Amino acid sequence: MSSPSESRLLLPSEFGDFTPPAYGASLNTNDNPESISRNVLERNILRKLDFRTVYLVLIYILNQMDRHNAAAARLRGFEEDLGMKGKQFNTLISSLYIGYLFMQTPSNLILTHITKPSVYLSSCMSLWGLLTTFTGYYQALALRFLVGFLEATFYPGAFYLLSRWYKREELGYRTAFFTAAVGFSNVFGSLFASGILATMEGFLGYAAWRWLFFVEGFLTVFVGICGMFILPDFPSGPARWLTSAELSLARRRMEEDSRGHGPAELKTSSAFSDLLSMITDWRAWLTGTALACCNSSMSFNMFFPTLVATMGYSPTISLLLCAPPWLVSSITAIIVARHSDATRERFGHTVFALSMLITGYILAISTMNITVRYFSLFLMAQSQVSNVILLTWISNTFARSSSKRAVAIGFINSIAMSGSILSPYIWVSSWGPTYNNSCRICVALASMAIILCWVFRRHLERLNEVADVEERELHLPKGYRYIL
């Protein structure tokens, strides 16, 4: 996931007499990082690391497909076959996120005490993929809850794993690929679902929507097993895919990035004290609430096929029409996040994405014209990057010890997940086909998220100003600054 400029090899004139290896070649394991151009080493590290962490994006694509396959199945008899009435479908969607609520913080605490996150995250993925196949068959709320319980390990765990390897100005661009994964999952998920739902009805005596759960579930299991051998572990442990010089520099990079905020690998505090610190930190509740409002305001993605179907097309055409908005969203996410990293700015980029969301909702409220309504869905889809930029901002801010960062990401995500639990009830079928009430609620939630983010930015800005004054008065070198 490194950009072309990061992968470019240096010319000999740029690093003295040292001749760089060919792209992908390893440096000698006995090389001392002090005797080698740091730029060459860093680019080797990022290239190798990007190659492995991009697998997280594939996992997240399948995670999103498994999470939203019920919305696609709804178009082909899912509710009718299972005898669901009223808000039972909404409750089924909500039950998944209850599992998220209970597991995200404990899972990240577990990650701080293990040395093989690759095995832990991949094993959880395989298990949720297996349960997904049964969930599609039985549709038991208990199993749906367990799927959420296992899926909860991935998103905050992946963010924490990335934050242990990438510097603050590198993290936003990498995590943007998670937003791109949401887009790609909706693109390929819609195409995949339309193919299965249109061709496999009655095959071996099963309804087509059941085959959708079977195929996606077993594909998730396979990718999870492969992840055990591909995903990186923490830089504090051995990494056979890096030379000793590269691993040494990878550890030093994180120490330097947190300078003024405590050593990157400091672990003097207990898990309980870290959790207690988060519970009593008003900033955690502020950012968690902002993230909850952000997630809830984007709850349209849980019912995207349903919203497209309001334009009056057949189920197959509706699923195909789901793809273009998310394809554009993937491109937008990478561009916006890349610019956010380059400018070291988070608030303005979050507001930009949420403003597109609000504009999309206003257009959807104003008319049922097919062209305008479809364009409004394009605008809504572009907002997905706001979630990742906000979570990256949170990770940048709560960046003291590795254990505290893990607790912060898990705890704040748990607060945010409360919004996802309630979100399915924003889109009740009785408000369709216009869903004007749903759009109004989401506009209010997006506006609240922007206000809370502004409060958070003003707080960090004041802390930076205090640090400026202190350094001038004491004649100290410039130290750590919060990204705004």
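The values are calculated or read from the model by the stated rules, or taken from the named source; none is laboratory data. Fair warning: this is a prediction, and the values are worked out from it, not measured in the lab. Ideal geometry is used to build each Cβ from the backbone, glycine not excepted, and the neighbour counts take in all protein chains shown. The area values use the complete protein model at the heavy-atom level, side chains included, leaving out ligands, DNA and RNA. Shrake-Rupley method; radii C 1.70, N 1.55, O 1.52, S 1.80 Å.
Projected label points at V469 and L276, each 7 Å from Cα along the beta carbon direction, are separated by 3.2 nanometres.
Å³ per residue of the Cα convex hull, for the chain?
Values: hull volume 72.5 nm³, N = 484.
In the chain, the Cα convex hull volume per residue is 150 Å³.
How many angstrom lie between the C-alpha centres of the stretch 84-106 and the stretch 413-469? Using only Cα atoms to place each centre, the spacing works out to 20 Å.
Residues in the stretch 317-334, backbone N under 11 Å from the label point at L191 (7 Å along the Cα-to-beta-carbon vector): list them, ranges by number please. From the stretch 317-334, the list is 323-324, 327. Multiplying the residue separation of E461 and K85 by 0.36 nm and subtracting their alpha-carbon distance yields 130.3 nm. Spatially, the stretch 269-326 and the stretch 334-360 are offset by 16 Å when compared through their Cα centroids. Extension gain for T434-N369 works out to 22.3 nm (0.36 nm per residue, less the C-alpha to C-alpha distance).
What Kirkwood radius, in Å to one decimal, follows from the Cα pairs of the stretch 335-414?
On the way: mean 1/r = 0.0708 Å⁻¹.
Radius from the Kirkwood sum: 14.1 Å.
Given a 1.4 Å probe and the protein chains as shown, K87 ends up with an accessible area of around 120 Å². Working note: Karplus 6.51/-1.76/1.60 with θ = phi - 60° gives the stretch 51-64 the couplings 4, 7, 6, 4, 5, 4, 5, 4, 4, 5, 4, 5, 4, 5 Hz, where Gly and Pro are set to x.
Pairs of lysine residues in the chain that meet both criteria, 8 or more places apart or on different chains and Cα atoms under 22 Å apart, total 9.
Using a simple spin-label model with pseudo-atoms 7 Å out from Cα toward Cβ, C226 and E256 lie 3.5 nm apart.
Only DSSP H runs of four or more residues enter the estimate; each adds -39500 (n - 2.57), and after division by the residues of the chain the mean residue ellipticity at 222 nm equals -24000 deg cm²/dmol.
The candidates F398, F188, arranged from most to least accessible area with a 1.4 Å probe in the full protein assembly, appear as F188, F398.
Take the solvent-accessible surface of the protein heavy atoms, probe 1.4 Å, and return the percent of it on the chain that carbon and sulfur atoms account for.
Details: 12510 of 18940 Å².
Carbon and sulfur: 66 percent of the exposed surface of the chain.
If you sort F411, F222, F149 by accessible surface, 1.4 Å probe, largest first, the order is F222, F149, F411.
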